[in-house]
Every structure is written in structure tokens, then in C-alpha cells.
1. So if R0 is 22 Å, what FRET efficiency would residue 130 and residue 15 give, r being the distance between their Cβ atoms, rounded to the nearest 0.05?
2. What relative contact order, as a whole-number percentage, does the chain give when Cα pairs under 8 Å and 6 or more residues apart are counted?
3. Report the Cα-based extents of the range 40-89 along its three principal axes, largest first, to the nearest Å.
4. Order of 25, 125 from fewest to most other C-beta atoms within 10 Å?
5. So what are the radius of gyration and Dmax for the Cα set of the range 2-137, in Å?
Amino acid sequence: MAQQLFDLLKRDHRQVEKWMTQIEDGPENQREELFTTLQDALEKHMQMEEKHFYPQVKKIKELKDLATDAIEEHEQAKNFLSQLEDMDLDDEEWLTTFSEMRQGILHHVQDEEKKVFPGCTQHMDAKILQEIGEKCIQEKERTTTSRSSGAKGKK
Ligand SMILES: [Fe+2]
Ligand SMILES: [Fe+2]
């Protein structure tokens, strides 16, 4: 079912939004750890979308422009992430830069959920969406396991 794919991506979105809020509003001493977690999750999420989802979306004439925009927004987020990684967390510019990235990501997530996903439901073959969903679930399982390899049990 196509819903499986969208549910998976939306779960990632909600988690990312939560971490971004915690980084901005939470205690400063948690910022570094949360940022590392966020960075890892965002990179995996974008990679998953770029590998399995957007190449298929791009094939659909009605959705091609949305896909191009989305990939460009991913690039912007990646640039922000490496910029923030290189900056000193104590630097007051850090939070300003982070807020800028956060606004961009919130906008991107809205576009995906309000435009791209409904567009896929309307214009894409349900079978293809299901296949993408299965690939994403597999990738998710693989990357989640590799992250916790060595540590026993799941949280
Ligand atoms: Fe996404
Ligand atoms: Fe995305």
C-alpha cells in the first residue's frame, strides 16, 4: 500500500521536527548530541528519498518540477549541515544559521506532505508506490541496524 511509504516518511519528518525544536529551545549542553543525531537522521532520510523515491517521481510529467525543487532543497539542507558542523557551537551565529536551516526544512517537509505525496497518489501507479515503500522499509531497517551494530537490543 502506498500509504505505507508516506507513513514511513512522515514518521521521519515528525522526529526531525522534534529534534530541531529541542535544539533551538532546549538546554545548550544537549545541543551537540542532538545535532549529531539530527544530522545522521536527515542524511539517511534524504538519501533514502533520493535513491528510491525521487527518481520515480521525476518520471511523472506533472511532478517533475516538484521533484527538482525538492532535490534542490535537499542540497541546501546538506550545505547547512556541513556549515553547522564546521562552526563552533558556542558561536552565536550557530543558532541563527540553524534557525535558517530549520525554516527551510519545515518548508520542504510541508511541500512534500501537501504537494508531492498527494501528487504521487494522484498520478503515480499504486504498484510502483508500493515497491518504493518496500525498498524504503528495507533500507530503513538496514541503516537502523548498522547504526546500533555492536550494541545489543533496541531502545
Ligand atoms: Fe522527506
Ligand atoms: Fe525530502
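What follows is calculated from the coordinates using simple rules that are stated; it is not laboratory data. Because the structure is predicted, anything quoted here is derived from the model rather than measured. When we count neighbours, we look across all protein chains shown, and the Cβ atoms used for this are built from the backbone with ideal geometry, even at glycine.
1. Numbers: r = 23 Å, r/R0 = 1.06.
FRET efficiency, residue 130 to residue 15: 0.40.
2. On the way: 94 pairs, mean separation 59.9, N = 155.
Relative contact order for the chain comes out at 39 percent.
3. 44, 17, 9
4. Working: 25 7, 125 12.
Placing the least packed residue first, the sequence is 25, 125.
5. 15.8, 49
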